[in-house]
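Please read the structure below before turning to the comments.
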Amino acid sequence: MSTVFPLNLAQTILDNKEGIKARMSSQYWPTSLYMPIVRSMSPSQVRLINAFAFNTPWDPNINI
């Protein structure tokens, strides 16, 4: 997985979905490997990217 890539390109997300999911997981939060490094994505945004990449339903009102 590349160090930096744009999340505004659908194919980029699909090509890197496993790595993105891993890097947005809570286990990486306390490390510099967490994505995004600025930690500016809300939990809802993280779920939205995962839902798109893995073709699963997304509900912005559900907090995990």
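The values are calculated or read from the model by the stated rules, or taken from the named source; none is laboratory data. As the structure is a prediction and not an experimental result, all values here were calculated from the model. SASA here: full protein model, heavy atoms, side chains in, ligands and nucleic acids out. Shrake-Rupley method; radii C 1.70, N 1.55, O 1.52, S 1.80 Å.
Per residue, the average separation of C-alpha pairs within less than 8 Å and at least 6 apart gives the chain a relative contact order of 26 percent. Once divided by 2.2 N^0.38 Å, the Cα radius of gyration of the chain becomes 1.06. Residue order by solvent-accessible surface for Trp58, Trp29 is Trp29, Trp58, largest first, with ligands and nucleic acids left out and a 1.4 Å probe. Per the 1.4 Å probe, what fraction of the accessible area of the chain, in percent, lies on carbon and sulfur atoms? Roughly 58 percent, rounded to a whole number. Secondary-structure-derived ellipticity at 222 nm for the chain, considering helices only, amounts to -10500 deg cm²/dmol, per-run term -39500 (n - 2.57) for DSSP H runs with n ≥ 4. Exposure check, 1.4 Å probe, all protein chains in place: Ser40 carries approximately 80 Å² of accessible surface. Accessible surface for the chain, divided over its residues, is 73 Å² per residue with a 1.4 Å probe.
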